[in-house]
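Chemist: Mind having a look at this structure? Questions to follow.
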């Protein structure tokens, strides 16, 4: 009788220890798949995939509700990276959601701007600075080039300008075959200097050669 | 070697756990509505059954038998199975999120799969040694997977078939299961 109690208690303690150790050792915060998918998305928060941002889109992909070819800013490289991660076949970008464009940022023509603040409300990443009746400007390092500020502007003073890396912002492209467990970081531009006219072209010059994409 | 092949054939076909011994019927009916989920369940069960039959053999041989506590077998094995399932779930969740997504909800369901406990108890009853226990568990799992996937494929077709109204749903599924069971009884001449 006593040996039965002791044996079962000992077994329970051992199993409890194993499970307790496993709970600490294999701790998972949130859904790791969502984090991995989110890290591959370009973080433009542009909503072109029909989801209200990159993370909701990542969650939809993880749940299997959304396809992997709905992200125009990420373009082909993002689709291939997602296909790799999820073990699916890459497919061309779904034209319903837009087409892949070279990396661009918004620039406000400060002489035309009337200070209506409509673009500030539209910006998903708070990259536009300004107040009512005051001139606005775009913080270039924050802008993700999502185009969402273009429609609300009543005087059409916002131009999408192609982003060209200069000496300070240029970096080596990522190698093509990354080790398997190394997830590509989203494209983040730390500092950009825009001098209108000299080394930038507006997005309306469609015949200009596309700028090489960042990573 | 021959002995292991015989165990495999016996558990997969002749003494199939679902259709001949009638163990593990709840997942057999419960998760066979779609082929995809059935495959996930089959994979998870194969893994857990093999592992738990090994673990329960070890516990029985080195803890219960020396202390003359064989009467505690059932409750001990339930404990072992629950721990194996829980550990597997944590491990898979961390190491392979994608596999976890496929197996996901099925892992905890296996804890209540009577086939898992049945295999552990039958291993003792038939006095298998360690390797035989593992093969017995693996064979039982393969048999379970085979039948589950076949049944799921059939149910997907039945779902779109023109079944008389009074037979729709679980009724036709149970009839199908019965027919499958009859077919598998036919293997009993294989001995």
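Chemist: In whole Å, largest first, what are the principal axis extents of the Cα atoms in the range A:30-100?
Modeler: Between the extreme Cα coordinates on each principal axis of the range A:30-100 lie 32, 25, 19 Å.
Chemist: Let me ask another. Which of A:50, B:88, A:144 comes first, and how do the rest follow, when ranked by fewest Cβ neighbours within 10 Å?
Modeler: On the way: A:50 12, B:88 19, A:144 25.
Going from least to most buried by this count: A:50, B:88, A:144.
Chemist: For the Cα atoms of chain B, what angle does the longest principal axis make with the long axis of helix B:130-160, in degrees from 0 to 90, nearest 10?
Modeler: 10
Chemist: Ok, one more. Could you work out the relative contact order of the range B:33-153? I mean the mean sequence separation of Cα pairs under 8 Å and 6+ apart, divided by the number of residues, in percent. Intermediate results must be reported in sequence, preceding the final value.
Modeler: Working: 116 pairs, mean separation 60.8, N = 121.
Computed over the range B:33-153, the figure is 50 percent.
Chemist: Set the Förster distance to 45 Å, then compute FRET efficiency between residue B:153 and residue A:150 from the Cβ-Cβ distance, nearest 0.05. Present the calculation step by step, with values, prior to reporting the outcome.
Modeler: Numbers: r = 52 Å, r/R0 = 1.15.
Working from the Cβ atoms, E equals 0.30.
Chemist: To the nearest µm²/s, what D does Stokes-Einstein give for the range B:1-88 at 20 °C and 1.002 mPa s, using the Kirkwood radius over alpha carbon pairs as Rh? Could the numbers behind the result be given before it?
Modeler: Numbers: Rh = 15.0 Å.
Estimated diffusion coefficient is 143 µm²/s.
Chemist: Can you give me the Rg/Rh ratio for chain B, using Cα atoms for both radii and the Kirkwood formula for Rh?
Modeler: Details: Rg = 17.4 Å, Rh = 17.3 Å.
With Rh from the inverse mean 1/r over Cα pairs, Rg/Rh is 1.00.
Chemist: Same structure again: Quick one: helix B:114-125 against the long Cα principal axis of chain B, what's the angle to the nearest 10°, folded into 0 to 90?
Modeler: 40
Chemist: Separation between the residue B:61 and residue B:181 pseudo-spin-labels, each 7 Å from Cα along Cα→Cβ, expressed in nm?
Modeler: Reported label-point gap for residue B:61 and residue B:181 is 3.4 nm.
Chemist: Using just the alpha carbons, could you tell me how many Å³ per residue the convex hull of the protein assembly as shown encloses?
Modeler: On the way: hull volume 93.5 nm³, N = 406.
So the per-residue Cα hull volume is 230 Å³.
Chemist: Any idea what angle helix B:73-95 forms with the longest principal axis of chain B, computed on alpha-carbon atoms, 0 to 90 degrees, nearest 10?
Modeler: Helix B:73-95 and the main axis of chain B meet at about 70 degrees.
Chemist: If you take the beta carbon distance between residue A:21 and residue B:75 as r and set R0 to 25 Å, what does 1/(1 + (r/R0)^6) give as a FRET efficiency, to the nearest 0.05?
Modeler: 0.60
Taken together, the values in this text are just the output of simple stated rules run on the coordinates, not laboratory data. Given the structure is predicted, the values throughout are model-derived calculations rather than measurements. Counting neighbours? That spans all protein chains shown, and the Cβs are built from the backbone with ideal geometry, glycine included.
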